[in-house]
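Notes to accompany the following structure.
The values are calculated or read from the model by the stated rules, or taken from the named source; none is laboratory data. None of these values were measured; they are calculated from a predicted model. A quick note on method: Cβ atoms are made from the backbone with ideal geometry, for glycine too, and the neighbour counts reach across all protein chains shown.
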Amino acid sequence: MFDTVLIANRGEIALRVQRTCRAMGLRTAAVYTTDERDAAVVHGADRAVCIGPPGTRSYLDIPALIEAAKAAEADAIHPGYGLLSEVPDFAEVCAANGITFIGPSPAVMDKLGDKAATRTLFGDLGAPLLPGSPRALESAFEAKAVADAIGYPVMIKAAAGGGGRGIQIVRTADDLVQAFQETHSRARTLFNDGRVYVERYVEGARHIEVQVLCDRHGNGVSLGERDCSVQRRHQKLIEETPAPGLDRATAEAMGASAVELALAVGYEGVGTFEFIVDSANEFHFIEVNCRLQVEHPVTEMTTGIDLVREQVLAAAGEPLSLSGDQASGSGVSIECRVNAEDPERGFVPTPGELRVFQPPGGPFVRVDSHCYTGYTVPPSYDSLLAKTVVWGPDREQALQRLDTALAEFAVEGPGVRTTVPLLRRVIADPRFRAGRHTTSLIGDVIDGLDL
């Protein structure tokens, strides 16, 4: 087992990882930028190292992070999610410096990080795929040929994309060339990789993902599925498990498919396999996230399994101690992402000082956050303030607890707006209450508001 884990991240996920490491008896090292000296993770760390000026660029500085790990005498690095969590070069540099990267091997990340190549790989392994291009495309002419062949609407997606970024929906051939050029340019800016591919867009689909856990000894298990259909701009706002209205046979088939694919590529640790479920209840593989997901708490709430702990154990070479029966959850858990954004202005971020930050509490309510009264939400990072997670023995009780928790959530500050009012509208929507919602729900709710 490790002695000291450096957490190469910030915000709520850094604090969440730190808490598990401390519960495991491990020392923690935090990294911070000059504008976050007072971050909660810094105060809770055994060692904290400044890695540079404000902005995500500092958290992407691999040499600075390695030097921080050496200064803290860390023998492992946990990347959290986002930032460098799915960058194989980072994992390789960690290994070259005698530091364990808590995540899949560089070879597996490299193989699965290219989403276009992953489609081809898993298609050859028998995974159900949406029609699309078998590789990354070189030109708008190629993209149009694929789109014309499979039919519109289509999605143009960044091969190196993640977090819902680098995606455009194209409904007619007239719009495809411009959409290709815009997606290519955006992908090059966001991911330093302009390659894109085309995939059929399914109207009225549900976005379902499967949480898997594997070890290096060839063992794997599914920890159930999560419904992530409530999205804005392809980024998730509400997640829940089990997926409402999804028949158990389909859910179990997805879980079995995810584990089979994971083991086929030698996956280690925690990972998420994402699927689209169409109106005929057929599922189609779309991508893999080689990291901990933002929405992992809902799986933890229903299974009682600490996924960060399992990540650490897998990275330390421990064999999987869970069976399929132990991994099955009970009850219903729902998570809402509370962001400092204004839905009435196109979800523009609203940074500023939090004069009031009072999260909810009560039975079976969990809030993961790094914020506090007096904290200033910086403009240079993701706008996530907190994740509000509830559990109930059934969906109705979980929804009641969630609405109560959101009603109690007080966030006030000059210019600061949050997604809380919109979230409450969404969970009150009859389609959501009935479990009949799809990826179009947020747009429908916003269109129905008098903004």
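Counting residues in the range 328-343 that are assigned to a helix (DSSP H, G or I), surrounded by fewer than 22 Cβ atoms within 10 Å (Cβ to Cβ), in the same structural domain as Val270 (by TED's automatic domain parsing) and in contact (Cβ under 8 Å) with a residue 24 or more places away in the chain gives zero. Test Thr272 against the stated conditions and say whether it is among the β-branched types (Val, Ile, Thr), touching a strand residue (DSSP E or B) at 6+ places or on another chain (Cβ under 7 Å) and farther than 30 Å from Pro131 by Cβ. The answer is no for Thr272. Exactly one residue out of Ile286, Ile276 is within 28 Å of Asp447 (Cβ to Cβ), crowded, with 17+ Cβ neighbours inside 10 Å and touching a helix residue (DSSP H, G or I) at 6+ places or on another chain (Cβ under 9 Å): that is Ile286. Within the range 55-73, residues that are assigned by TED's automatic domain parsing to the domain that holds Ser85 sit with their Cβ atoms under 6 Å from residues that are in a loop (DSSP other than H, G, I, E, B), at 6+ positions apart or across chains, in these pairs: Gly55/Ser380; Tyr59/Leu83; Leu65/Ala8; Ile66/Asn97; Ala69/Ile99.
Residues that are farther than 29 Å from Ser383 by Cα number at least 1 in the following strands (runs of 3 or more DSSP E) confined to the range 183-253: 196-200, 206-214, 220-232. Within the range 224-241, residues that are within 17 Å of Asp444 (Cβ to Cβ) reach partners that are among the hydroxyl-bearing types (Ser, Thr, Tyr) and in a strand (DSSP E or B) with beta carbons closer than 9 Å, at six or more positions or on different chains, in the pairs Asp227/Thr241; Lys236/Ser229; Ile238/Ser229. Once the range 29-47 is narrowed to residues that are part of a helix (DSSP H, G or I) and touching a residue at least 40 places away in the same chain (Cβ under 8 Å), the residue that is farthest from Ala72 (Cα to Cα) is Ala40.
Taken residue by residue, the range 20-28 has no member that is in a helix (DSSP H, G or I), surrounded by 24 or more Cβ atoms within 10 Å (Cβ to Cβ), β-branched (Val, Ile, Thr) and not assigned by TED's automatic domain parsing to the domain that holds Gly352. Please go through the range 65-87 and pick out each residue that is in contact with a Lys or Arg (Cβ under 9 Å, 6 or more places away or on another chain) and either in a loop (DSSP other than H, G, I, E, B) or modelled with pLDDT under 95 (or both). If the condition is that a residue be in contact with a Lys or Arg (Cβ under 9 Å, 6 or more places away or on another chain) and either in a loop (DSSP other than H, G, I, E, B) or modelled with pLDDT under 95 (or both), then Ala72, Glu73, Ala74, Pro79, Gly80, Tyr81, Gly82, Leu83, Ser85, Glu86 are the ones that fit. I'm trying to understand the selection: among the residues of the range 189-225, which are out of contact with any His (no Cβ under 8 Å at 6 or more places or on another chain) and of a type in the set (Gly, Ala, Ser)? Passing the criteria: Gly204, Ala205, Gly218, Gly220, Ser222, Gly224. Look at Cys371 and say whether it is part of a loop (DSSP other than H, G, I, E, B), under 21 Å from the mean Cα position of the chain (by Cα), at pLDDT 95 or above and not β-branched (Val, Ile, Thr). Here the answer is yes, as Cys371 does meet what is asked.
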